[in-house]
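The next block holds one structure in the form of structure tokens; read it before the comments.
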Amino acid sequence: MASRSYTNFSDLASGDLLDIVPTPRALPRVLKVPGIISDLDGNGSPDGDSDATSSGCRERKIIVANMLPLHAKRDMETGKWSFSLDKDSILPQLKDGFSSETEMLYVGSLKVEIDVTEQEEVAQKLLGEFNCVPTFLPQELQKRFYLGFCKQQLWPLFHYMLPMCPDHGERFDRSLWQAYVSANKIFADKVMEIISPDDDYVWVHDYHLMILPTFLRKRFHRVKLGFFLHSPFPSSEIYRTLPVRDEILRGLLNCDLIGFHTFDYARHFLSCCGRMLGLDYESKRGYIGLEYFGRTVYIKILPVGVHMGRLESVLNLPATSTKVKEIQEQFKGMKVILGVDDMDIFKGISLKLLALEQLLQQRLQLRGKIVLVQIVNPARGSGKDVEEAKKETYLTAKRINEAYGAAGYEPVVLVDRPVPRYEKSAYYAVAECCIVNAVRDGMNLVPYKYIVCRQGTPSMDEALGITKDAPRTSMLVVSEFIGCSPSLSGAIRVNPWDVDAVADALSSAINMSSSEKQLRHEKHYKYVSTHDVAYWARSFTQDLERACRDHYKKRCWAFGLGLGFRVLSLSPSFRRLLTDHAVSSYRKTKRRAIFLDYDGTVVPETSISKMPGPEVLSVLNALCNDPMNTVFIISGRGRKSLSEWLSSCKKLGIAAEHGYFIRWNSAAEWETSSLSADLDWKNTVEPIMNSYTEATDGSSIEYKESALVWHHQDADPDFGSCQAKELLAHLESVLANEPAVVKRGQQIVEVKPQGVSKGLVAEKVLMTMVNGGEPPDFVMCIGDDRSDEDMFESISSFVSGPSFSATPEIFACTVGQKPSKAKYYLNYVSGVLRLLQGLAGASCPKARCVPPHTSFF
């Protein structure tokens, strides 16, 4: 079912949607010249970019996230707001990955509501003291945006939960989607206020802001824009259920670089782009890129790290040492297993407790010797599912403690309160084992923090009562469904749904020898310490800079309405073919050659009926009836179909099966290429294609007189593409010594005779005209497929050769925006028809004078 879209952004950000209070314009966007502020609120330049000279200030990164890394508190006596930096937030930690000269600006919301009358004062204060730019979302919009669409719809879906019934998740609510769009628009407006588009890099974080790139790209076509998704990205079977799936994908594709924690998440995103938008990706020299309307959108796969200095500084606090001693005394003689999770249905807390229950039931000797300390962080969302998860957790813990506890001993200790950083660090340092049992999680840095805290510091060694030379050990049990799992090769990976396997993993972890624990810990610590948050930030921004380095080498055009907006980025020499320009040249010339592909050029590729419409036949006849024109349809289709469909065009030349068969007009005989008369290879190819057809549902074979074509457009996109690659390699090896070539086109694999190509046909037609004493001074060639690139190249080479005393006007044009050897492009088949109608209108009405027929072969 097609997704619903909107014709313009303002429909979604104002009017009938919500009464949004305009944010005060407190910040100039760019300081262009000392003392002169350039306020670019108008439509700007035609391509959406400012041509003004940049300010010349130092390098700047604009970090955009849902929440600013700030704590806010109102003084009850004065009524004034005070703010402090959240040192545990990842956003301010990013600066460690940049040079000291880099200026950081943060755009996001505050965790408290600020009255409209105070917003300007607060904004100036935050900018001056923290380099923060607040968005000030109205309370109702913030609620519908974050707690509504983000937490009730995107978050469950991205964690593989579908709202199959009202009791399990919220059904799609378009009003919440509109709130999401409105919030993203406000964030984008704030970025536009402060950005210097020629100099600044913008880095957007997480699923809350996935369509913000569309708004920024619409305003500044060459904005340097990166995005990192901190949550999982679901498989295409899950994601495709989202009614606004295309809008979100296109939003992300308006970035230059998109980052994911794992290859699985990236693979799912690429699969969605292929299945829903028809995009292909390539891997070149270690980088994955998606071609999107002339722009290459790069994919980055790198898990985020932790801030080593921050963790170690907390370990050195006196409060941490004191807490460590308290924990050691509280659980003296017991091995501590630690869990740190948000109260969330995806964290698997109840499954973890069931595994502990199973372990205690199977190994009675462990009673009184192990304890699971489960720290429960406050839920980030709200709703029935959170309450149910909390209730189940408490009931399960109570049951275990009643069954296996004793006086002074509880196997499960739930710490359900806000736990300060030093206390968590103390638990990390003491725990023999840490278990992360989430059923789905984007990254989860708990294992990394645990490893760093187990490595310790001198002051922590003193608190634990160990020497600085003592071996360091740690043991991890991690779910295979969390983002950090692939990077922790020394951990025991488990399926959290398999309670028996988790129980066995816990047993192995606590009974493992110290020497093996030490080896596993050393391996993990080496990785975590070298792949910290600074490394992550530096690596991402380096790739972002590389992705943006060609921005000003291409021309940009904007097209698409609403959230379907995108930028077409092409070489300066590659431009849209304007009808007026072509008609002007057409009128000035005396002898013309016009070459047209069929499918995807004069007939839409997606059309079920491949017969040309009356408009196409009319314009072809009009062009053919001009005595100055030689018009050819050059197609890969068979001669029978083409001659039948184009039977009313008596003076039209047709080259069928890529030129294996040619006739000058309907009165002439078909001529066959003498280059490859041997077609015995078809007996070898046909059974191979049959076997792939049987194995690939939705595929078929097209039988031509000179060729065989395997089609997979109706097969599963991923499987069809995979099978096509395999078939291509298979046939190339089999036909290595045969007079045949194997080509891959748009959802086809074709085997045809050697020496037969559309380019060769064009050369022969032009040579015939030259030999007849009528060399063309106007050559037009239009096509859409890879095979048409041969025509563009051959025509360019031929007309620059000695056969032509004067170089004719050449209009080589591809259909669709893509890398091409053609100089021009038209967007759609309808554009081709309009162009041909323009030429036909300028044609001479006299009957065409047919030159003496000359054999092509």
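Numbers at a glance
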| item | result |
| --- | --- |
| Mean accessible surface per residue for the range 226-284, computed with a 1.4 Å probe while every protein chain stays in place, in Å² | 30 Å² |
| Across Lys651/Lys704; Lys61/Lys300; Lys347/Lys391, pairs whose alpha-carbon gap is larger than 22 Å | Lys651/Lys704 |
| Helix 446-455 vs. the chain, principal-axis angle (Cα, 0 to 90°, nearest 10) | 50 degrees |
| Pair Glu516, Thr322: separation of 7 Å Cα→Cβ label points (nm) | 4.0 nm |
| Relative packing of peptides 275-288, 338-351 - highest average C-beta neighbours within 10 Å first | 338-351, 275-288 |
| The range 62-92 and the range 374-394: distance between their alpha carbon centers, rounded to Å | 26 Å |
| Rounded to 10°, Cα long-axis angle of helix 786-799 versus longest principal axis of the chain | 50 degrees |
| Range of Cα positions in the range 308-531 per principal axis (Å), largest first | 45, 39, 32 |
| Assigned charges on the beta-carbon of Lys, Arg, Asp, Glu; the chain dipole about Cα centre (debye) | 900 debye |
| In Hz, Karplus ³J(HN,Hα) per residue of the range 548-555 (6.51, -1.76, 1.60; θ = phi - 60°; x = Gly, Pro) | 9, 5, 9, 4, 8, 8, 10, 8 |
| Under Karplus coefficients 6.51, -1.76 and 1.60, residue-wise ³J(HN,Hα) of the range 744-758 in Hz, glycine/proline x | 10, x, 6, 6, 9, 10, 10, 10, 9, x, 5, x, 10, 7, 5 |
| Model label zone, Asp115; criterion: amide N under 18 Å from point 7 Å along Cα-to-beta-carbon; scope the range 121-153 | 121-125, 136-140 |
| Fraction of accessible area attributable to carbon and sulfur, the range 308-531 (%, probe 1.4 Å) | 50 percent |
| Extension gain from Glu705 to Met76, taking 0.36 nm per residue of separation minus the Cα-Cα distance | 217.6 nm |
| Heavy-atom accessible surface of the range 615-752: percent carbon and sulfur, 1.4 Å | 47 percent |
| Label-to-label distance, nm, for residues given as Phe172 and Phe263 (7 Å Cα→Cβ offset) | 3.2 nm |
| Carbon + sulfur, % of accessible area of the range 557-613 - ligands and nucleic acids excluded, 1.4 Å | 57 percent |
| Heavy-atom surface of the range 359-453, accessible at 1.4 Å and reported per residue (Å²) | 42 Å² |
| Computed [θ] at 222 nm, helices only, for the chain once each DSSP H run of length n ≥ 4 contributes -39500 (n - 2.57) | -11500 deg cm²/dmol |
| Rg and Dmax of the range 680-753, Cα atoms only, in Å | 11.2, 32 |
| Under the Debye formula (equal points on every Cα, no solvent term), log10 I(q)/I(0) of the chain at q = 0.06, 0.10 Å⁻¹ | -0.54, -1.13 |
| For the range 603-733, accessible area per residue (1.4 Å probe, heavy atoms of protein chains only), Å² | 45 Å² |
| Under the Karplus curve 6.51 cos²θ - 1.76 cosθ + 1.60, θ = phi - 60°, whole-Hz ³J(HN,Hα) for the range 517-522, x wherever Gly or Pro sits | 4, 5, 4, 5, 5, 4 |
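The values are calculated or read from the model by the stated rules, or taken from the named source; none is laboratory data. This one's a predicted model, so the numbers in the text were calculated from it and none came from an experiment. All Cβ positions, even for glycine, are placed from backbone atoms using ideal geometry, and neighbour counts span all protein chains on display. For accessibility, only protein heavy atoms count, side chains too; no ligands or nucleic acids. Shrake-Rupley method; radii C 1.70, N 1.55, O 1.52, S 1.80 Å.
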